[in-house]
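J.: Here it is, the structure, as structure tokens.
Coordinate-derived values only; no laboratory data. Predicted model only: the values in this text are computed from it and were never measured. Neighbour counts run over all protein chains shown; Cβ positions are idealised from the backbone, glycine included.
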Ligand SMILES: Nc1nc2c(ncn2[C@@H]2O[C@H](COP(=O)(O)OP(=O)(O)O)[C@@H](O)[C@H]2O)c(=O)[nH]1
Ligand SMILES: [Mg+2]
């Protein structure tokens, strides 16, 4: 996601490396690069202009000149600018207290991801707050739309109201009644979309909205659309008074146009992003985290949150100490590989570690390879795991045989281990993954 912008912006920071002081000229170059990157990502021109003006004004202000580390300060300014574009803070759904029916309406073009998102949202609300959710099938035009909603409802483990399969306005009202009488907490309305904004469609969804007075009216937007999405968002917003946006397909290689433009232009918060086709592929939108990922400065917060689920603080302290003292053995390396697997895909972890994103550009992480590495270490004796230096000659051959690999691969694991040992030592000295863990 947003790879173009990410690369261009981190390249623009590189220009600044090595300068003890940042001059207006080299900030100027960096700013030009950022401008070009945003335009190439199809960000709305007005948004680009405002953004550039803002960071320029801040960057050449007194603040930076006096700063201890001008480069960091500049990165911070760009970061804050991006956070501001994306929406400053995350905004939750407007859920009423349990026991009172909350209505959520989803609107947007066909193919934007409404039906998929309806299921994801139902699951999210049900899981996070144990609320009783009902989905309402108000797309009666597209063949199989109702079955699709039934399928996602089943995946989410929530009920789906189908009605007469003909009259969307009638179905919406009946589903509302059904939700009331059935003691549901949340009703989510899936509506129809067209390939373009269309009067009839707008009138229909407007009528549903007027009848049901939803607490949240969410514009579902395909983030691959670029700034063209903004025009559509405007129309929906004018007609429906949208309360928020869900950007779908954030996992695809979206250039970023929609993400960067929408909040500024319609002034409505992005509430969620869709990150896969699957039922659990929905994430709360945190502007700071996305900004942090875009800048390649690492999303420490997410990483720490994930890491905390697995490491106890005590384990973390032990590991951190080991890394610092270079007392890190192959056994620890194996534990690390296993933790990595638990934490999720390696790539997403690496992306969150400051400075890793750049280094990762040409590296392909292969989980199969990780498993082979694990097998190799598992074939080592305890003594060997504690001291890799004794692994020579026949030991190597035995390990290769035991793990069904080759001596070459055993060598490679040891090399990798040594490399990661060095890397970890460096990481704990500077800003590393354990910084935020409060190791006291
Ligand atoms: N990769 C990815 N695909 C998505 C996402 N959300 C929806 N899709 C896909 O987009 C297509 C259209 O989705 P659908 O929910 O039918 O759109 P609707 O016409 O607005 O109801 C389907 O193939 C979905 O699987 C997402 O967040 N990521
Ligand atoms: Mg649909």
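J.: Quantify how much of the Cα-Cα distance distribution of segment 228-267 extends past 16 Å, in percent.
T.: 32 percent
J.: Also, quick follow-up: Along the Cα→Cβ direction, 7 angstrom out, place labels at residue 128 and residue 7. What is the inter-label distance in nm?
T.: 3.3 nm
J.: Then there's this: Estimate the FRET efficiency between residue 88 and residue 165 by the formula 1/(1 + (r/R0)^6), using the beta-carbon distance for r and 41 Å for R0, to the nearest 0.05.
T.: 0.45
J.: Taking N as the number of residues in segment 155-225, what value does Rg over Cα atoms divided by 2.2 N^0.38 Å take?
T.: 1.20
J.: Could you tell me how many cubic angstrom of Cα convex hull volume segment 205-246 has per residue?
T.: About 58 Å³ per residue, rounded to a whole number.
J.: Additional query: Please state, rounded to one decimal and in Å, the Kirkwood hydrodynamic radius that segment 203-299 gives when every pair of distinct Cα atoms enters the mean of 1/r.
T.: One over the average 1/r among Cα pairs gives 14.0 Å for segment 203-299.
J.: Continuing with this model, one more query. Nearest 0.05, what FRET efficiency do residue 411 and residue 321 give at R0 = 35 Å with Cβ-Cβ as r?
T.: It comes to 0.75.
J.: How many angstrom lie between the Cα centre of segment 203-248 and the Cα centre of segment 253-271?
T.: 13 Å
J.: Based on the Kirkwood radius over alpha-carbon pairs, what is the Stokes-Einstein translational diffusion coefficient of segment 102-295 at 20 °C with 1.002 mPa s viscosity, in µm²/s?
T.: 130 µm²/s
J.: Now for a separate question. Taking the Cβ-Cβ separation of residue 40 and residue 238 as r and a Förster radius of 30 Å, what is the calculated FRET efficiency to the nearest 0.05?
T.: Computed FRET efficiency for residue 40 and residue 238 comes out at 0.55.
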